[in-house]
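Please read the structure below before turning to the comments.
Readers should treat all values here as calculations from the given coordinates under stated rules, not as data from a laboratory. Keep in mind that this is a model prediction, so the values were computed, not measured. Ideal geometry is used to build each Cβ from the backbone, glycine not excepted, and the neighbour counts take in all protein chains shown.
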Amino acid sequence: MKRSFLLYVFILLVLTNIFTYAYYAAEVKFEQERYTRVTKKLKDSLSSVSTKLSDANYFSLDNNENAQNYFDSDDQEKMIQYEKLIPFVKERLMDLNANPKGNPYTGQDQIGANKFVINKIKILNHRWIIVDYSDGEIWGEALLKYFVNEDQTLSFEVIQSLLYQK
């Protein structure tokens, strides 16, 4: 009786081990497949985001070699580095927000109690800038033309401005 009991226990342990091995082998295979699916999906997402970012930055001085070449000159003293120009232009436009009547390059006069100030700036190329502005209630956009003068100062001109409806 003792022998048959040990035989039953041994068979039960072998079967338990076989089922445990099969379960964990299937679980490992499932996790590996899940990992490859998630990895593929993440790579596709990363590729998609990279493409969208590239498309969004197509109109940008950072990526426009023709516009960058506009600032090149044979005279090293007159050459303007666009990497330094971009923050300089943005800073110059944002400084004009301190004007008591609002930023004059929004193309809008003060409508209510709040003044129009520029929130975001994107330099499109060597000549144009697009800005987003608001007074806290009304939002709009403006297309500006900018020039780098001979004395390394900037001048701006509003080409078109629009306000969105509330």
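Just a few scattered comments:
- Applying D = kT/(6 pi eta Rh) to segment 24-71, where Rh is the Kirkwood radius over alpha-carbon pairs, T corresponds to 10 °C and eta to 1.306 mPa s, the Stokes-Einstein value obtained is 116 µm²/s.
- Sequence-ordered 3J(HN,Hα) estimates for segment 40-48 from the Karplus curve with 6.51, -1.76 and 1.60 and θ = phi - 60° stand at 5, 5, 5, 5, 5, 5, 4, 4, 5 Hz, glycine and proline given as x.
- Cross-link partners of K120 among aspartates and glutamates (Cα-Cα below 12 Å; sequence separation of 8 or more within a chain): E91, D132, E141
- Packing order of peptides 117-124, 41-48, highest average first: 117-124, 41-48 (average count of other Cβ atoms within 10 Å over each peptide's residues).
- Note that segment 114-129 has calculated 3J(HN,Hα) couplings of 9, 8, 7, 10, 7, 9, 10, 9, 10, 8, 7, 7, 6, 10, 10, 9 Hz, one per residue in order, obtained from phi through the Karplus relation 6.51 cos²θ - 1.76 cosθ + 1.60 (θ = phi - 60°); glycine and proline are x.
- Exceedance of the 20 Å cut-off in Cα-Cα distance is limited, within the set K90/K145; K115/K145; K90/K166, to K115/K145; K90/K166.
- Segment Y24-Q110, extension gain: residue separation times 0.36 nm, minus the distance between their alpha carbons: 23.9 nm
- Estimated from helices alone, the mean residue ellipticity of the chain at 222 nm is -16000 deg cm²/dmol (sum of -39500 (n - 2.57) over DSSP H runs with n ≥ 4, per residue).
- Rg to Rh, two decimals, where the chain supplies the alpha carbon set and Rh follows Kirkwood: 1.51
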